[in-house]
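The block underneath contains the structure these notes are about, expressed in structure tokens.
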Amino acid sequence: MGSVSLKVGDGTARFKRASVCSSAVNLLMLFSVIITNIFAFYAFTYHPTKLHHNHNPKNIALISEKVSLILREIDSSQKKLAQMEKEILGYESIDLSRPNIANELKEFLAHHELPLGKDSRTGITEMMASVGHSCEKSMDLLSQYMSYKVNGPCPDDWILGQKLILRGCEPLPRRRCFSKTIPKVDLQPFPVSIWKNVSEKSFSWSGLGCKNLACLNSKKLNKDCTGCFNIVNGYETQIYVKVKGKNDFLIDDVLAMGNGGIRVGFDMGGGSGTFAARMAERNVTVVTATLNADAPFNEFIAARGLFPLYLSLDHRFPFYDNVFDLVHVANGLDVGGRPEKMEFLMFDIDRILRAGGLFWVDNFHCYNDEKKRALTRLIERFGYKKLKWVVGEIINSSGKSEVYLSAVLQKPVRV
């Protein structure tokens, strides 16, 4: 059909099963071929009794008309079969016959039959590559991303990859090229590494406005990261262990609410990794999800000996259900200000958080009363127990009052 299956939904691979529906499609294709061949045979062997000369223009015109009709029938059958395949399989497909498609993209997205044939237990016959469903809308960028020399160095195009991710093309396809290596110097052993800077040469500054840590610390990169790369003598050394206002919770107080059952956690949009650092000091393993938005967040977190996860918050979290003891989030919960997006995010948070686990909302900025009420109503729908709930006002740099919500919530046991 000239198309390759495209993943929809979570980040897992998609499989095609041998089924009654697929058998029906095959039978329909066979029937279509037989009918069109019979039609062609009839057209080319039919001789009107009124025509007495083989080269009569009317005879040639009649044959030409029959051939055109056959071609239209074949084209119509192909379109119907493509639509049926889409409805049966349940996902869109990328038309790789269009021009300017990178060969590596075609190779990666090709179907691969299982080496031992059909699996008797699952019915799986072939495996298809997993890529984000919105890649179809960014085919020019995706083809550019997949244009490289096989077994050669990868292009310096991480910004292009991140742009695709932010457009919903996530996960990105794998590539057969070697990423640029950067010597990691001044690395310290853990846990000393948590509060020690490494050489700035250890980070990739390609495509970034800032080229050093001093520049990053002079900027407000986002609402949760102002000077967050200063882990030696900045505010990062005090956060979670000293309070500036009533909305700031001490990390030891929150851990005490978990009754000793906090071992693994997930931090969403965790800046330079300081939350994970404080948890690591208390023998709690935390995964920090972040992108490199105007700064080398992932490399910096890894240099501290912590676990970064290069992931947008629109991606379904690649974790199994009920695995985390704690989930921590600040303004990343807003997800662009759309209430339905926040609902999807909250349900995914609830999915990965175990019963009895803690959900820590840390200084969420309520832009107005409606935003506060919307979040409150959403949380109440989940039936979480409010272990701590604080709404406070903070005067910003322009002298205006802003409302922030901080809370520690406990997921209930549902039957």
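A short reminder: the numbers here are calculations on the coordinates, not readings from a lab. Quick caveat: nothing in here was measured; it's all calculated off a predicted structure. Here the Cβ is made from the backbone with ideal geometry for all residues, glycine too, and neighbour counts use every protein chain on show.
Structural remarks
- For trypsin sites (Lys or Arg not before Pro), the sites in segment 185-247 that DSSP calls loop and that have at most 11 other Cβ atoms within 10 Å are Lys242, Lys244.
- Percent antiparallel among DSSP beta bridges (both partners in segment 192-410, rounded to 5): 50
- Segment 345-415: trypsin sites (Lys or Arg not before Pro) in DSSP loop, at most 16 other beta carbons within 10 Å: Lys400, Arg414
- If you take all other residues with their beta carbon under 14 Å from the beta carbon of Asn230, and give Lys and Arg +1 and Asp and Glu -1, the sum is +2.
- Each residue in Leu116, Leu62 was given a count of other beta-carbon atoms within 10 angstrom of its own, and listing them fewest first yields Leu116, Leu62.
- Hits among aspartates and glutamates - C-alpha to C-alpha of Lys180 under 15 Å, sequence gap 8 or more where chains match: Asp156, Asp157, Glu299
- Pairs over the 18 Å Cα-Cα cut-off, from the set Lys242/Lys385; Lys106/Lys149; Lys163/Lys219; Lys223/Lys371; Lys219/Lys341: Lys242/Lys385; Lys163/Lys219; Lys219/Lys341.
- Of the residues Tyr240, Tyr235, Tyr320, Tyr145, the one with the fewest other Cβ atoms within 10 Å heads the list, and the complete ranking is Tyr320, Tyr235, Tyr240, Tyr145.
- Neighbour-count order for Leu311, Leu216, fewest beta carbons within 10 angstrom listed first: Leu311, Leu216
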